[in-house]
Amino acid sequence: LAREHPDHPLAKERDAADAFLEMLGRKGTQAEADVLRDLFAAQGYAVADLSGTVGLPRHERAERTADALRAKPEVLYQAPLTGGGFFGIADFLVRADVAAAICARGGGGADAGGAEASEGYAVWDSKLARRARPNQVLQLCCYAEMYEAMVGAPPVGAALLLDGAAARVLPVRLSEHRSYYRSVRA
């Protein structure tokens, strides 16, 4: 609230910055940049970097994602998504053929993030954690819902990129978690 509406009366009651959380945020941002560099750019994949949309109104940011999707780059980085009353930024939207190639090389399995589909994008999110946590899977479900609202079709898959720069691909079968996500969302 304070960041988006600094003149709001409650903005004055903002909590003081937490040094530990700020440090984790910097590490997470660096890990995402490392994944972008090592997993996608270094392999020669065309990346549409949407991280520069910060500061624009949410609807304009989401429109940039929609425009980028129509151009069909191999990877979208920091893709703003909106739908169902939510707004979020997916670390990566990975075209199905690229997801398949990465998963085939890295042993992520045939369904790791949409590898079996021929068209569309998979939602991938980078995490510093070594193991998936329920809130991370719920976050992917929410991104998938927003992606579907914007595109008119569900993503071809989803995955968590665990362990920061190590980028271990963990496929997430959204169908197994959708019911729980919907109950939490409600």
Selection from segment 72-86 of residues under 13 Å from A149 (Cβ atoms), open to solvent by 50 Å² or more (accessible area, probe 1.4 Å) and not hydroxyl-bearing (S, T, Y) yields G84, G85, F86
Scanning segment 61-71 for residues that are exposed (fewer than 14 other Cβ atoms within 10 Å of the Cβ) and basic (K, R) gives R70
Taking segment 1-33 and keeping residues assigned to a helix (DSSP H, G or I) and in contact with a Leu (Cβ under 7 Å, 6 or more places away or on another chain) leaves L10, A11, K27, G28, A31
- Restrict the check to segment 34-45 and report whether at least one residue is under 22 Å from D125 (Cβ atoms) and part of a loop (DSSP other than H, G, I, E, B). yes
Exactly one of D97, D38 is free of Cβ contacts under 8 Å to residues at least 40 places away in the same chain, open to solvent by 50 Å² or more (accessible area, probe 1.4 Å) and not polar (S, T, N, Q), and that one is D97
Only one of V47, V94, V98 is at pLDDT 90 or above and within 20 Å of E145 (Cα to Cα), namely V94
Checking T65, T53 in turn, the sole residue that is under 26 Å from K27 (Cβ atoms), modelled with pLDDT of 95 or more and not hydrophobic (A, V, I, L, M, F, W, C) turns out to be T65
Taking segment 41-60 and keeping residues closer than 24 Å to F86 by Cα, among the aliphatic types (A, V, I, L, M) and open to solvent by less than 70 Å² (accessible area, probe 1.4 Å) leaves A48, L50, L56
All conditions in (1) open to solvent by 50 Å² or more (accessible area, probe 1.4 Å); (2) at pLDDT 95 or above are true of L140 except (1)
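The values are calculated or read from the model by the stated rules, or taken from the named source; none is laboratory data. This is a predicted model, so every value here is computed, not measured. Reconstructed Cβ throughout: ideal geometry from the backbone, glycine too, with neighbour counts over all protein chains shown. Ligands, DNA and RNA are stripped out before the accessible areas are found, and what is left, the full protein with its side chains, is counted by its heavy atoms. Shrake-Rupley method; radii C 1.70, N 1.55, O 1.52, S 1.80 Å.
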